[in-house]
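One structure is given here, and the rest of the page talks about it.
The values are calculated or read from the model by the stated rules, or taken from the named source; none is laboratory data. Keep in mind it's a predicted model, so treat the numbers as computed, not measured. Heads up, the Cβs are rebuilt from the backbone with ideal geometry, glycines too, and the neighbour counts pull from every protein chain shown. With ligands, DNA and RNA removed, areas are computed over all heavy atoms of the protein, side chains included. Shrake-Rupley method; radii C 1.70, N 1.55, O 1.52, S 1.80 Å.
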Amino acid sequence: MRTRRESPRHELGERLQDYLEGGLAAAEQAAAEAHIRTCARCAEWAEARHATRWLRQLQPVETPPGLETRILALTVAPPPQESFWAVLELGWRMLLQPRFALGLAAALFSLALVLNAMNVSTADVRVADLNPVNLYRAVNRQAQQGYARGVRFVNDLWLVYEIRSRLEEMAPTSEQPPASSPSGNPNQSTPKQEKKPENSSDRARPQWLLACQGFGGLGELR
Amino acid sequence: MDDAELVRRCLAGDGAAWEEVVHSQTRRLYNLCYRFTGRREEAEDLTQEVFLRVFRTLNSYNPEQGPLGVWMHRVARNLLIDHYRATRKQRLAVPLDDALPHLEQKESGVPRPDRALAQSEVSAAVQQALTRLSPDLREAVILRDLQGLEYREISQVLEIPEGTVKSRINRGRAELGKLMKRLPGFENPEGITAP
């Protein structure tokens, strides 16, 4: 190995490349061959020249059919360097896709329904309304009003009204301490007797039974 | 159209320009891959891989550093070395005498490079000998003697000095000569015999 590395500089020197590739003039070629015949260290260059000639004799191999087509199918075209406008255009094209457009339309329709139900009119919207503070106030006001309406609605329900009125009727009973209570406070017992003397018979009954009676009597009241 | 313009058009998304690049380089790069691996299927896969890599990194090509073909050779060469390292363990060492066909069985005369005799078998034998070379010598010899690149271009592809390129090519040729000397029917065509 060592000998081989040193040999290019031996005798042939810079001409070695030309000798191997057949680039020497006839006289130089003959001199080089004469030297190689007699020099053990340069002998391998004869073989190298031989190998070079064989190598250069090789014909290029044909590419497999369809290779170019497959390469083009894999690559299509290099991705263009995307500018801001190209991205914008891509977004716009996505927007125009039927599936996306239908989805967007459905979402807008749902939003319109919700806004309509909340009595929000887009015609009344002004630029000042888009101020975050105003927006917050408007939402807060809507929420408060919604809550108040809800409370009023529930309170106005006939069933709730009935239950509440019954409970109010029962309220003194529930506040009264048990009859067996040893408490002798006159302030407690006196108002009860004044308020509901006619319900004195109910006092002994459990409250849940009274509640049931109340519901049972709804039909009569109606 | 020069390489810089061609690449600029490719990067702008011009399919025809890219097609031109593929058309002009496929054969050369396939040959490089085939001569290095010695297997057609591998060469085909690797060629596709080379173009994929070129496709993805085309914007890194600098026309001032050399022609597009040389740059693509460098991409291919890097891929071949990666592939060589990845498959080193899988390859089984095939004895040369088993791998190379014995030409004298079919040819009565001595085959010479200047005679177009049994071209396919000669090619197969030389190819087999070539794949026995170490990868650094093999790539240098292929780039010079089969791909026909200038020493300066090979120096760019391999990213080594020109002196080292020449040294590797010569050592590769000498190794190849030794391997081929053992083959029957590959006697020295010029009658030069070692003393």
| query | In region A:8-30, how many residues are part of a helix (DSSP H, G or I) and in contact with a Lys or Arg (Cβ under 9 Å, 6 or more places away or on another chain)? | reply | 7
| When you go through (1) within 22 Å of B:R40 (Cβ to Cβ); (2) at pLDDT below 55 one by one for B:E107, which number turns out not to apply? | (1)
| query | From the set of residues in region B:25-39 that are more than 7 Å from chain A (Cβ to nearest Cβ) and either without any contact (Cβ under 8 Å) to a residue 12 or more places away in the chain or not in a helix (DSSP H, G or I) (or both), which is least open to solvent (accessible area, probe 1.4 Å)? | reply | B:G38
| said: If I ask for residues that are touching a residue at least 12 places away in the same chain (Cβ under 8 Å) and of a type in the set (K, R), which ones from region A:26-55 would you list? | reply: A:R41, A:R49, A:R53
| One residue from B:V75, B:V22, B:V50 being within 14 Å of another protein chain (Cβ to nearest Cβ), over 23 Å from A:R56 (Cα atoms), open to solvent by less than 10 Å² (accessible area, probe 1.4 Å) and under 15 Å from the mean Cα position of the chain (by Cα) | B:V50
